[in-house]
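The values are calculated or read from the model by the stated rules, or taken from the named source; none is laboratory data. All of these numbers come straight from a predicted model, not from anything done at the bench. Here the Cβ positions follow ideal geometry from the backbone for every residue, glycine too, while neighbour counts run over all protein chains shown. Side chains are part of the model used for accessible areas, which takes the heavy atoms of the whole protein and leaves out ligands, DNA and RNA. Shrake-Rupley method; radii C 1.70, N 1.55, O 1.52, S 1.80 Å.
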Amino acid sequence: FFKQKTAYEIPKRDWSSDVCSSDLKADADTPKVWKPFEVINQLVCDYFNNNRTDARLEKNGDIYCSRGFLYPFWTRVVQDKKQIIFIGQAFPTSSSTPMAEVENLCRMVNEKVTQQAFSVRESPNGPVLFARHVFSYVNGMPVRMLLRGAKQFAASFESAMNVDTNQLLIRKLS
């Protein structure tokens, strides 16, 4: 038999320590929480990479997340607002794809994929299916929640792409 520890026996986390590489692994036994001032693009990128996903910092500072997720997306850390934003975009297979067709697809997607709101935006390459999810980390960022949220966001975008039976949009970005 295992003895269950009481709250008095569980060691408290030392919040004075800096973030180190061990804080970057998702650990089921010890929930880690980054303090708000610690949450920066490089830390989030390293965290994704240390948890068997591919992520890279883009020139504009966004984090492009690809392999290890069902659909690639970008992550943006907005430090002054203490927000992390997931951004997904699906580009048209042709620049001549009519906006009305992608808008109709977007309506169908929003009916079937209810956990995420999708919209259509105009781009130089034609209409783009777009989604974003914003969450605040004013009181800190539980790192397991970050990875779970990223995977759920990518999964909802993949579900949206499965609604596109006419293949108006590019399935995967390279």
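With respect to the cross-link table entries 35/81; 112/151; 82/151; 59/82; 32/112, which display a Cα-Cα separation exceeding 24 Å?
32/112
Please give the length that would be gained between residue 56 and residue 35 if that part of the chain were fully extended, namely 0.36 nm times their separation in residues minus their C-alpha to C-alpha distance (nm, one decimal).
Computed gain between residue 56 and residue 35 is 5.3 nm.
So what does residue 147 come to for accessible area, using a 1.4 Å probe and Å² rounded to 10?
20
Counting Lys and Arg as +1 and Asp and Glu as -1, what is the net charge of the other residues whose Cβ lies under 15 Å from the Cβ of residue 57?
-1
Which peptide among 40-52, 95-107 comes first, and what is the full order, when sorted by highest mean count of other Cβ atoms within 10 Å?
40-52, 95-107
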